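Below: one structure, written as structure tokens.
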Amino acid sequence: MCVPGCQEAVRNALSRRGFFTGAVAAGFAATAIAPEPAEAAPVRRFKSTVDLTHTMSPDFPTFFGVPGLEMEKKFDIKKDGFNLYWWRIIEHAGTHLDAPIHFSEAGATAEKIAAETLVVPLAVVDVAAKAAQNPDYLLSREDLAGWEKKHRRLPDNCCVAMLSGWAQHVSDPAKYTGKDASGVFHFPGVAPEAADWLMKERKVLGLAVDTLSLDNGPSKDFKVHYAWLPSGRWGLENVANLDKVPAAGATLVVGLAKVKDATGGPARLIALV
Ligand SMILES: [Zn+2]
């Protein structure tokens, strides 16, 4: 389930762990005369990390139009000797994960999502040029075919991410939500047919978008949510910096808050490139 570089990195990390365990044991036996190791410690194989997470704040645009985060300073270092806030958050605000239970009666809650399914190959499908022409753009089956034509078949257990270019509008809530005079949102999403094809024809664990929702702004029936999440797969919304990672070859690490019974939650998303 790892891309090649990831597998290397995991193997190296494991062998390093073994090395340290051995070194500690040897250290007790021969404290001051520990020999120089013959080999240099293995290095991690990814070259860089890209943060795919927006900074969360009360100003971040939300689906509900109210702040997704409230912070109350309960302790102050000058007065109390340390700093600490109490937070009140909407589970689904800012860069966050949708767990299967979000749109199903019995799907997995956040804490039940296995860690091994949260470190996955990342496939970025660039539809920014089309979305710039049409804010309601739906990532299509053809867009997926276009990605595969260039990069070969989608890797097993990957996350497919839509790059619509919307992340650049995040500090402009009117543009980011696209809310019109009648209260209808306008932002890109994934076509239900495309999600359906990914579920039936490929082995995909996650679907990610750089907009407020997997379904596009005007959607009233949330078809993608209702198909994708009950199938046991997860979603990511409000993803940042997808234009800074390669379309193929990166590994996505989803750092999801592990909260019992949560329907999702804020996530720190990091791409290993
Ligand atoms: Zn959500």
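Laboratory data are not the source of any read-out in this text; all were calculated from the coordinates shown. Given the structure is predicted, the values throughout are model-derived calculations rather than measurements. For neighbour counting, all protein chains shown are included, and Cβ atoms are generated from backbone atoms with ideal geometry for every residue, glycine included.
Miscellaneous remarks
- The set of residues in segment 246-271 that are surrounded by fewer than 22 Cβ atoms within 10 Å (Cβ to Cβ) and among the aliphatic types (A, V, I, L, M) comprises 247, 248, 253, 257, 259, 262, 270.
- Number of positions in segment 213-228 that are buried (at least 24 other Cβ atoms within 10 Å of the Cβ) and either under 14 Å from residue 100 (Cα atoms) or within 17 Å of the chain's Cα centre (by Cα) (or both): 4
- Of the criteria (1) in a helix (DSSP H, G or I); (2) within 16 Å of the ligand (Cβ to nearest atom); (3) not basic (Lys, Arg), which one residue 187 fails: (1)
- If the condition is being surrounded by 13 or more Cβ atoms within 10 Å (Cβ to Cβ) and within 15 Å of the ligand (Cβ to nearest atom), then segment 56-72 contributes 56, 60, 61, 62, 63, 68, 69.
- Taken together, the residues in segment 93-147 that are surrounded by fewer than 16 Cβ atoms within 10 Å (Cβ to Cβ) and part of a loop (DSSP other than H, G, I, E, B) amount to 4.
- Among the residues making up segment 203-244, those that are touching a strand residue (DSSP E or B) at 6+ places or on another chain (Cβ under 8 Å) and of a type in the set (S, T, N, Q) are 211, 213, 216, 219, 238, 241.
- Restricting 53, 49 to residues that are within 16 Å of the ligand (Cβ to nearest atom), of a type in the set (S, T, N, Q) and in contact with a strand residue (DSSP E or B) (Cβ under 9 Å, 6 or more places away or on another chain) narrows the list to 53.
- The set of residues in segment 217-233 that are touching a His at 6+ places or on another chain (Cβ under 9 Å) and either under 25 Å from residue 148 (Cβ atoms) or of a type outside the set (Gly, Ala, Ser) (or both) comprises 218, 225, 229.
- Flag for residue 235 being within 24 Å of residue 64 (Cβ to Cβ), in contact with a Lys or Arg (Cβ under 9 Å, 6 or more places away or on another chain) and within 16 Å of the ligand (Cβ to nearest atom): no
- The single condition among (1) under 19 Å from the mean Cα position of the chain (by Cα); (2) in contact (Cβ under 8 Å) with a residue 60 or more places away in the chain that residue 177 does not meet is (1).
Yes/no matrix, rows are residues, columns are (1) away from the ligand (no atom under 16 Å from the Cβ); (2) touching a residue at least 40 places away in the same chain (Cβ under 8 Å):
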site: 82; (1), (2): yes, no
site: 91; (1), (2): no, yes
site: 94; (1), (2): no, yes
site: 101; (1), (2): no, yes
site: 104; (1), (2): no, yes
site: 108; (1), (2): no, yes
site: 113; (1), (2): no, yes
site: 122; (1), (2): yes, yes
site: 127; (1), (2): yes, yes
